[in-house]
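The values are calculated or read from the model by the stated rules, or taken from the named source; none is laboratory data. Everything numeric in this text was worked out from a predicted model, so none of it was measured. Every residue, glycine among them, receives a Cβ derived from its backbone with ideal geometry; neighbour counts consider all protein chains shown. Accessible surface is based on the protein model in full, side chains and every heavy atom, while ligands, DNA and RNA are left aside. Shrake-Rupley method; radii C 1.70, N 1.55, O 1.52, S 1.80 Å.
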Amino acid sequence: GLQEADKTVDSTCPYCGVGCLIKYHVKDNKILYTEGRDGYTNHFRLCVKGRYGFNYIHNPLRLTKPLIRREGVPKSTELLDPNDLDKEFREATWEEALDFAANGLKKIRDEKGKKALAGLGSAKGSNEEAYLFQKLVRIGFGSNNVDHCTRLCHASSVVALLECLGSGAVSNPVSDVAQAEVIIIIGSNPTVNHPVGATFMKNAAKRGTKIILMDPNRTAIAKYASHVLQFRPDTDVALLNGIMHTILAENLQNDAYIKQYTEGFDQMRTHLRNYSPEKVAPICGIDAETIKEVARLYATSKGSMILWGMGVSQHIHGTDNARCLIALALMTGQIGRPGTGLHPLRGQNNVQGASDVGLIPMVYPDYESVEDPKFRAKYEKLWNTELDPKRGLTTVEMIHAILDGEVFGMYIEGENPAMSDPNQNHARKALASLEHLVVQDIFLTETAGFADVILPASAFYEKTGTFSNTDRRVQMGRQAVNPPGEAKQDLWIIQEIAKRLGCDWNYQGPEDVFNEMRQAMTSIAGMTWERLENEDSLTYPLENVGDPGQPIIFTDGFPTATGRGRFVPADFIHADELPDNEYPLIFITGRQLEHWHTGSMTRHSPTLDAIEPDPVVSLHPLDLEKLGVEPGGFITVESRRGKLSAYARAELGIQKGTLFMAFCYNEASSNLVTNDALDPAAKIPEFKFCAVKAYAG
Ligand code: SF4
């Protein structure tokens, strides 16, 4: 029967950027069950991950003791079989493990130079953890070689937003869809990846809002859409330029807005002459009339909003894709009011916050460039240190730098590049060849198998800290249970490593770190810990104590040097690797409702893993028939870089000629196949397009 809880804890969700507020019912250091709270972002609703996905923390496979690689045991480039854990690692005390971890890093720093080290922090951790981690790398390692999974997620969106609008976050919250007349959802599958956010979109559609879905796949939200543009993968720029061409050809642009708030419009107008709907129609596989209809709807409605996901960002032209979306909003003035604006739907629950606090190689907290002497001086003073004047390496660049003999040691906290990075055979070879790898995590992740020392950390529910959701809401995550065994809180571990690298730190807890963040960051300068405790959720910018916060920004211009939004024209280019006779199909990766990212949490949740226990590749039924594979049969997918075998799933919504797969299955890692070509501006890999062949078996 249902047990009675002896306490309840008000917190948030460890999974997606929607940031649902949740009440945890706890007894004897165990979470029994959860319920949704009345948060701005969820109004009591939860999806299957937030509702049932907590039980990974009670999995007996949790790491509970520090582990050190046994001397003389070489690292394989293959994933470690968990049954071989004892053969490769031995238990150690915290003191020994921390000394071993830090000494290995220090030796490399002192002998090979500061840039021979790199760090990956995590968007799964709190703002305070992310802030301390980047500070540790910048001071303790002495370079800006620090990044996290934003690089694999919305890095391109952020580059375009900063370049064009001067701010990398969303302009309007998801819930604003209720006030929009038209919503464009492009390259995003919200029903699966932002399920509670999707409920707001569905409710809006039921009340008459028109949803225009643009995606190579006909995803579940199509049922609520007035227009479904199932365009050819990779042709976003052509399609969006065609829409903008129509707006100008039919004089539907907002001249007053363009004049008052933007720059670069004339150049944009000239650029768009080449992109008539008739010309782009055969490129994107959408007829010219539909392109025109959508352009008119978006431009002339009282409020049009654009939401996008990784279908837009994960291309070598991801930054261009986002530049087009921004230009579309600027030329129509569909920004700066309720029910308008631009919303890149953030993935992990704190990928917004981890980026805001500077867990990226080119900027300090609040996106202040490390290469700008003014900001460098500010942080040198605040942190009482000297800082590296050059930007550091991004996630995928770190992998290349290891194989190029430039990086020898890494500290990886909560990230899992042995699953998440593209071209896995290459990435795993790099991780295995590191001279010293420190991994801090809650399970023996695929990455931890390559470590020299593994530090057992705390899960989301085992610590307190702030998390910033996709709406720019900073929300309080509260500790519900204690970490198992000897596992420690991440803030403590980061600080212990930092001390051993020469940092004189003595933060008493998350509140202490948060108060230092407020000193550094104008965006949250007025946000007090006390108010967060009382109100649970506050939206930045919140510069002065007592300010209400700003759910909608850009209401009167932009935080750019000129105060104006910038048009940046983009030309249509193809993906890095196109299908040919040998590899005739297109492979696209993403997520599933029940599984999250590399699966380190959800695949350890018995409830979620029972719903989706096996790797699946989805194809159009006619493609399956052509391959001679029955739905449920085994199929092999092979690219120039690697191959995998998984169960075939027939899905009518998948575009013919393409295959779709989630990247959470270590027994069939989709990233063995993916391409590590990068967007030149954002350094994001092209997860959404590579050439493969597929066959039965
Ligand atoms: Fe958690 Fe996102 Fe689901 Fe809400 S929608 S319960 S934040 S995974």
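Using beta carbons and a limit of 6 Å, which pairs, at least six apart or on different chains, have the first residue in region 17-29 and without any contact (Cβ under 8 Å) to a residue 60 or more places away in the chain and the second one in a loop (DSSP other than H, G, I, E, B) and within 12 Å of the ligand (Cβ to nearest atom)?
Ile22/Cys13; Lys23/Arg37
Considering region 626-636 alone, what residues qualify as being among the charged types (D, E, K, R) and either part of a strand (DSSP E or B) or over 8 Å from Ala648 (Cα atoms) (or both)?
Listed by number, the list holds a single entry, Lys626.
Could you run through region 592-625 and say how many residues are surrounded by 21 or more Cβ atoms within 10 Å (Cβ to Cβ), under 20 Å from the mean Cα position of the chain (by Cα), of a type outside the set (S, T, N, Q) and not in a helix (DSSP H, G or I)?
Matching residues across region 592-625 total 6.
With respect to Arg472, determine if the residue is buried (at least 24 other Cβ atoms within 10 Å of the Cβ), closer than 28 Å to Phe100 by Cα and not hydrophobic (A, V, I, L, M, F, W, C).
The answer is no for Arg472.
Can you tell me which residue within region 110-155, out of those that are open to solvent by less than 10 Å² (accessible area, probe 1.4 Å) and of a type in the set (Val, Ile, Thr), is nearest to the chain's Cα centre (by Cα)?
Per the stated criteria, the residue is Thr150.
Touching a strand residue (DSSP E or B) at 6+ places or on another chain (Cβ under 7 Å) and away from the ligand (no atom under 16 Å from the Cβ), is that true of Arg69?
Criteria met by Arg69.
Inside region 268-283, can you point out the residues that are among the β-branched types (Val, Ile, Thr) and surrounded by 14 or more Cβ atoms within 10 Å (Cβ to Cβ)?
Matches in region 268-283: Val280, Ile283.
Let me confirm something: among Thr464, Thr445, which residue is in contact with a helix residue (DSSP H, G or I) (Cβ under 9 Å, 6 or more places away or on another chain) and within 26 Å of Ala401 (Cα to Cα)?
On the way: Thr464 fails: within 26 Å of Ala401 (Cα to Cα).
Going through Thr464, Thr445 in turn, just one is in contact with a helix residue (DSSP H, G or I) (Cβ under 9 Å, 6 or more places away or on another chain) and within 26 Å of Ala401 (Cα to Cα): Thr445.
Checking the conditions here, which among Ala198, Ala169 is without any contact (Cβ under 8 Å) to a residue 40 or more places away in the chain and open to solvent by less than 20 Å² (accessible area, probe 1.4 Å)?
Values: Ala169 fails: without any contact (Cβ under 8 Å) to a residue 40 or more places away in the chain.
Selected residue: Ala198, the only one of Ala198, Ala169 that is without any contact (Cβ under 8 Å) to a residue 40 or more places away in the chain and open to solvent by less than 20 Å² (accessible area, probe 1.4 Å).
Report yes if some residue within region 9-29 is open to solvent by 50 Å² or more (accessible area, probe 1.4 Å) and part of a loop (DSSP other than H, G, I, E, B); otherwise report no.
yes
Looking only at region 18-55, count every residue that is under 21 Å from the mean Cα position of the chain (by Cα) and more than 7 Å from the ligand (Cβ to nearest atom) and tell me the total.
Adding up the residues that qualify gives 5.
For region 7-48, name all the residues that are touching a Pro at 6+ places or on another chain (Cβ under 9 Å), of a type outside the set (A, V, I, L, M) and farther than 14 Å from Val174 by Cβ.
Once the filter is applied, which keeps residues that are touching a Pro at 6+ places or on another chain (Cβ under 9 Å), of a type outside the set (A, V, I, L, M) and farther than 14 Å from Val174 by Cβ, region 7-48 yields only Asn29.
Pairs needed: first member in region 320-332, open to solvent by less than 10 Å² (accessible area, probe 1.4 Å); second member anywhere, among the acidic types (Asp, Glu) and assigned to a helix (DSSP H, G or I); C-beta distance under 9 Å; at least 6 residues apart or different chains.
From residues that are open to solvent by less than 10 Å² (accessible area, probe 1.4 Å), the pairs are Asn321/Asp236; Cys324/Asp236; Leu325/Asp236; Ile326/Glu163.
Each row is one residue, and each column tells you yes or no for (1) under 23 Å from Glu651 (Cα atoms); (2) at pLDDT below 95; (3) not in a helix (DSSP H, G or I).
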position	(1), (2), (3)
Ala204	no, no, no
Ile211	yes, no, yes
Lys223	yes, no, no
Tyr257	no, no, no
Ile291	no, no, no
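Taking the condition of being out of contact with any Pro (no Cβ under 6 Å at 6 or more places or on another chain) and not in a helix (DSSP H, G or I), how many residues in region 232-255 meet it?
8
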